[in-house]
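Undergrad: Here it is, the structure, as structure tokens.
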Amino acid sequence: MARGVKRKDFVYEIDQPDNNGTLGVIARMLLFLDQFNVGTEDDKVKPNTVMSSPLINAHISLDKNKREFGIRPRYALLEFVGTPVQSACYGAIPKRFVQMPILTLVQFADLNIYDEIAGGTQAKTTLKINHSFDGSKSVVYKIIDLVNQIRV
């Protein structure tokens with residue numbers, strides 16, 4: 001991501017399987033993300049709009065090392081394959097791989113992994129990542145893996 005992005009707290013759904021193995025939301029916590037990566041479009045991370053579960057006023061992070069304990073959020077592993085327009089990134093080179101936390105269980109279940117063999121345009125297999133200071137420019141990444149939430 002570009003430097004100087006605007007970061008904001010977003011509500012993340014903590015999931016837990018019930019006796020049948022079905023995932024359900026048990027609580028909500030805060031997650032720090034670039035505000036321009038979150039939106040209502042299908043190719044952005046969707047914000048949490050259901051506020052029925054209790055909010056734990058604490059932050060979780062995707063950047064944990066192997067010795068840290070806590071919740072590692074669910075995320076999409078994204079790959080950039082293309083050549084960005086220089087003005088879109090304001091001189092910054094996009095990373096080849098990006099991990100993007102997915103805030104809701106509904107969107108996580110709705111996303112698909114990009115099928116390299118089929119190729120072409122595939123539904124809900126890409127996400128836009130902000131690469132500008134004002135949210136006006138973004139770069140499209142394809143989803144190469146979806147990783148579930150882990151509690152350590």
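Undergrad: Limited to segment 132-145, what total is found for residues that are of a type outside the set (Lys, Arg) and either modelled with pLDDT under 90 or more than 18 Å from Val81 (Cβ to Cβ) (or both)? If you could, list the steps in order and put the result at the bottom.
TA: The initial filter retains those residues of segment 132-145 that are of a type outside the set (Lys, Arg), namely 132-136, 138-141, 143-145.
Going one step further and asking which of them are either modelled with pLDDT under 90 or more than 18 Å from Val81 (Cβ to Cβ) (or both), we end up with 132-136, 138-140.
Total meeting the criteria: 8.
Undergrad: Restricted to segment 73-98, and to residues that are among the β-branched types (Val, Ile, Thr) and over 16 Å from Phe36 (Cβ atoms), which residue is modelled with the lowest pLDDT?
TA: Filtering segment 73-98 down to residues among the β-branched types (Val, Ile, Thr) leaves 81, 83, 85, 93, 98.
Still in the running and over 16 Å from Phe36 (Cβ atoms): 81, 83, 85, 93.
On the way: Val81: 79, Thr83: 67, Val85: 60, Ile93: 72.
Here the answer is Val85.
Undergrad: Got a number for residues in segment 99-123 being modelled with pLDDT under 90 and surrounded by 14 or more Cβ atoms within 10 Å (Cβ to Cβ)?
TA: Of the residues in segment 99-123, 1 are modelled with pLDDT under 90 and surrounded by 14 or more Cβ atoms within 10 Å (Cβ to Cβ).
Undergrad: Do we have Gly39 as surrounded by fewer than 17 Cβ atoms within 10 Å (Cβ to Cβ), closer than 24 Å to Ala123 by Cβ and without any contact (Cβ under 8 Å) to a residue 12 or more places away in the chain here? Steps first, answer last, please.
TA: Working: surrounded by fewer than 17 Cβ atoms within 10 Å (Cβ to Cβ): yes; closer than 24 Å to Ala123 by Cβ: yes; without any contact (Cβ under 8 Å) to a residue 12 or more places away in the chain: yes.
For Gly39, the condition - surrounded by fewer than 17 Cβ atoms within 10 Å (Cβ to Cβ), closer than 24 Å to Ala123 by Cβ and without any contact (Cβ under 8 Å) to a residue 12 or more places away in the chain - is met.
Undergrad: Between residues in segment 70-90 that are closer than 23 Å to Ile144 by Cα and residues that are buried (at least 16 other Cβ atoms within 10 Å of the Cβ) and at pLDDT below 60, which pairs lie under 9 Å by C-beta distance while being six or more apart or on different chains?
TA: If the second residue must be buried (at least 16 other Cβ atoms within 10 Å of the Cβ) and at pLDDT below 60, the pairs left are Cys89/Ala2.
Undergrad: Does Ile129 count as surrounded by 16 or more Cβ atoms within 10 Å (Cβ to Cβ) and at pLDDT 85 or above? Write out each step before concluding.
TA: Values: surrounded by 16 or more Cβ atoms within 10 Å (Cβ to Cβ): yes; at pLDDT 85 or above: yes.
Yes: the conditions hold for Ile129.
Undergrad: Within segment 25-64, track down each residue that is modelled with pLDDT under 85 and either outside any loop (DSSP other than H, G, I, E, B) or farther than 23 Å from Ile143 by Cβ (or both).
TA: Across segment 25-64, the qualifying residues are Val50, Met51, Ser52.
The values are calculated or read from the model by the stated rules, or taken from the named source; none is laboratory data. This structure is a prediction, so every number in the text was calculated from the model and none was measured. Every residue, glycine as well, gets a Cβ built from its backbone with ideal geometry; the counts of neighbours run over all protein chains shown.
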